[in-house]
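Have a look at the structure below, then the notes.
The values are calculated or read from the model by the stated rules, or taken from the named source; none is laboratory data. Note that the structure is a prediction, hence the values are computed from the model and not measured. Neighbour counts run over all protein chains shown; Cβ positions are idealised from the backbone, glycine included.
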Amino acid sequence: MLLSAVVAGSAVARLVFRSRRVVVHGLSMAPTLLPGDRLVVVPARKPRIGDLITVPDPRQCERLLVKRVVSIEPSRSTVMVAGDNVDASTGSATFGPVVWRTVVGRATYRYFPLERAGRLPRRGDLGAAPDRPA
């Protein structure tokens with residue numbers, strides 16, 4: 001019991017101290033993410049197609065973008081990214097591939113707004129509309 005509490009506490013501490021908080025601006029990731037959504041971003045070790053990642057905006061380095069990995073280039077050193085909302089997004093089609101070592105991390109959890117809080121989908125049908133009841 002004590003060991004499991006220590007392990008759980010250690011995992012939470014790592015998440016808190018190694019994670020970063022990011023606020024979504026714009027509609028490029030709609031409907032997955034909306035303006036004002038607040039996300040937890042954790043370090044990412046290797047790229048995976050479908051991951052939501054945070055990268056510096058190549059046009060404004062101090063600004064961060066949240067995009068989805070759509071392909072992985074040779075040796076996993078670069079990735080191509082895009083927004084889920086193609087009509088309102090810029091991505092690798094505009095600014096080219098993203099060097100993996102510049103990636104801030106992977107968005108894993110939405111903590112605000114509370115009614116939409118929860119774990120973010122890691123993969124999915126890229127570009128497809130969300131499922132709707134028939």
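Counting only residues that are of a type outside the set (Ser, Thr, Tyr) and either farther than 25 Å from His25 by Cβ or not in a strand (DSSP E or B) (or both), region 46-79 holds 12 of them.
Scanning region 25-45 for residues being under 11 Å from Val104 (Cα atoms), in contact with a helix residue (DSSP H, G or I) (Cβ under 9 Å, 6 or more places away or on another chain) and in a loop (DSSP other than H, G, I, E, B) gives a total of 2.
Which of the residues spanning region 57-68 are within 15 Å of Thr94 (Cβ to Cβ) and over 12 Å from the mean Cα position of the chain (by Cα)? Break it down into steps so the answer makes sense when it comes.
Initial filter on region 57-68 (within 15 Å of Thr94 (Cβ to Cβ)): 57-60, 63, 65, 67-68.
If the condition is that a residue be within 15 Å of Thr94 (Cβ to Cβ) and over 12 Å from the mean Cα position of the chain (by Cα), then Asp57, Pro58, Arg59, Gln60, Arg63 are the ones that fit.
State whether the residues of region 104-123 include one that is among the β-branched types (Val, Ile, Thr) and not in a strand (DSSP E or B). Within region 104-123 (the criterion being among the β-branched types (Val, Ile, Thr) and not in a strand (DSSP E or B)), the answer is yes, since at least one residue qualifies.
Listed by first and then second residue, the pairs with beta-carbon distance under 9 Å, at least 6 apart or on different chains, first residue in region 112-131 and modelled with pLDDT under 55, second among the β-branched types (Val, Ile, Thr), are Leu126/Ile49; Leu126/Val70; Gly127/Val70; Gly127/Val86; Pro130/Thr32.
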